[in-house]
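A.B. asks: Got a structure here, written out as structure tokens. Questions coming.
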Amino acid sequence: MFSLDTTLPAELVPLSWLIGVWEGTGVVHYDDAGTVREHEFGQRVSFSHDGQHYLNYSSATWLLDESQTPLNAEAGYWRLHRPAQPGDPGPGMLPGVGAAPYPDAEAVETLRRPDGAFEVEVAVIHPGGVSELYLGTVGGARIDLQTDAVMRSASAKEYAAATRLYGLVDGRLLWAWDIAALGNDLRTHASGTLNRVE
């Protein structure tokens, strides 16, 4: 059973169903120029907040082999997409000036689109030298994301774009991730099913 934290910042309410620690398994099925790369993996995902207007995100995956060989890790931030306001902190370590924006549900409702969804942005960084900025929407218990920008270090593997889908179905977090990488166009990459453990 999921209960809403009454101290949650109002801007996080549309994303609140993600908060917690999730564990489960998934499968990679990626057609790399005619060679299908397929394997199962385990995953642990955490969404948390520290009283700010964003969620902290982390994910770790590993092969389901005897050694539980590490696969990928990610870290980042999820938040509603909206213009920065004087009351927001930053840039850098500059404090906000004046009242914090969107302090209550009524103010957050002004961000809702006519179709009922909220726009979101997600920043994700990978230890292999890739950083992604996703834009998308959250409507109820479904989130659709697509990369707006991808940055790669000179040592990173080729990775150009991605889409991600998250949904809460019967209390489980289901997700799918398509990527354009290694010279391939956007195609199916991985999906998983996670259960809330904390």
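The values are calculated or read from the model by the stated rules, or taken from the named source; none is laboratory data. Because the structure is predicted, anything quoted here is derived from the model rather than measured. Glycine also receives a Cβ, built like all others from the backbone with ideal geometry; neighbour counts cover every protein chain displayed. Quick note on the areas: whole protein, heavy atoms, side chains included, nothing else; ligands and nucleic acids left out. Shrake-Rupley method; radii C 1.70, N 1.55, O 1.52, S 1.80 Å.
A.B. asks: Within region 39-114, list the GluC sites (Glu not before Pro) lying in a DSSP loop whose Cβ has at most 14 other Cβ atoms in a 10 Å radius.
C.D. replies: Numbers: sites: GLU40, GLU66, GLU74, GLU106, GLU109; in loops: GLU66.
Listed in order of number, the matching sites are GLU66.
A.B. asks: Once all Cα-Cα distances of region 1-116 are split into 5 Å bins that start at 0, what whole-number percent is in each one?
C.D. replies: 2, 9, 15, 16, 14, 13, 10, 9, 7, 4, 1, 0
A.B. asks: Of all accessible surface on region 100-174 at a 1.4 Å probe, what whole percent is carbon and sulfur? If you can, show how the numbers build up before the last one.
C.D. replies: Working: 2240 of 4090 Å².
Of the solvent-accessible surface of region 100-174, carbon and sulfur hold 55 percent.
A.B. asks: Right, something else. Roughly what would the spin-label model give for HIS39 and HIS81, points 7 Å off Cα along C-beta, in nm?
C.D. replies: 3.4
A.B. asks: At q = 0.14 Å⁻¹, what log₁₀ I(q)/I(0) does region 104-148 have when each alpha carbon counts as one equal point scatterer in the Debye sum?
C.D. replies: Taking Cα atoms of region 104-148 as identical point scatterers yields -0.42.
A.B. asks: Follow-up. With Rg and the Kirkwood Rh both taken from Cα atoms, where does Rg over Rh land for the chain? Don't jump to the answer; show the numbers that get you there.
C.D. replies: Numbers: Rg = 17.8 Å, Rh = 18.1 Å.
With Rh from the inverse mean 1/r over Cα pairs, Rg/Rh is 0.98.
A.B. asks: With an 8 Å cut-off on Cα pairs and a minimum separation of 6 or more residues, tell me the relative contact order of the chain in percent.
C.D. replies: Working: 447 pairs, mean separation 38.7, N = 198.
20 percent.
A.B. asks: Another question, then. Just how far, in whole angstrom, is region 1-60 from region 84-141 if you go by their alpha carbon centroids?
C.D. replies: First find each Cα centre; the distance between them is then 17 Å.
A.B. asks: Let me ask something additional. Hey, could you get me the Stokes-Einstein D for region 137-198, Kirkwood radius over alpha-carbon pairs, 10 °C and 1.306 mPa s, rounded to whole µm² s⁻¹? Show your work: numbers first, answer last.
C.D. replies: On the way: Rh = 13.1 Å.
Using the Kirkwood radius from Cα pairs, D works out to 121 µm²/s.
A.B. asks: Fully extended, how many nm does the chain gain between LEU111 and GLU74 (0.36 nm per residue separation, minus their Cα-Cα distance)?
C.D. replies: Working: separation 37, 0.36 × 37 = 13.32 nm, distance 2.79 nm.
The span from LEU111 to GLU74 would gain 10.5 nm if fully extended.
A.B. asks: Here's something else I'd like to know. Which of SER59, SER131, SER67 moves the most in a Gaussian network model of the chain with Cα springs under 10 Å?
C.D. replies: Result: SER67 has the largest fluctuation of those listed.
A.B. asks: Relative contact order of region 11-113: what whole-number percent is it, with Cα pairs under 8 angstrom and at least 6 residues apart? Provide the component values of the computation, followed by the final result.
C.D. replies: Details: 162 pairs, mean separation 20.4, N = 103.
About 20 percent, as a whole number.
A.B. asks: Follow-up question, since we're still on this one. Test of understanding: what is the full-extension gain from ASP185 to ARG152, defined as 0.36 nm times their sequence separation minus their Cα-Cα distance? Present the calculation step by step, with values, prior to reporting the outcome.
C.D. replies: Values: separation 33, 0.36 × 33 = 11.88 nm, distance 1.72 nm.
Contour length minus Cα-Cα distance gives 10.2 nm.
A.B. asks: If the viscosity is 1.567 mPa s and the temperature 4 °C, what Stokes-Einstein diffusion coefficient in µm²/s follows for region 89-198 when Rh is the Kirkwood radius over Cα pairs? Each step should come with its number before you reach the end.
C.D. replies: Details: Rh = 16.5 Å.
The estimated diffusion coefficient comes to 79 µm²/s.
A.B. asks: Percentage of Cα-Cα pair distances in region 77-152 greater than 22 Å, rounded to whole percent?
C.D. replies: Values: 1034 of 2850 pairs.
When all Cα pairs of region 77-152 are counted, 36 percent exceed 22 Å.
A.B. asks: Could I ask something else about it? Helix-only mean residue ellipticity at 222 nm, the chain, DSSP H runs n ≥ 4 weighted -39,500 (n - 2.57), per residue, nearest 500. What is it?
C.D. replies: -500 deg cm²/dmol
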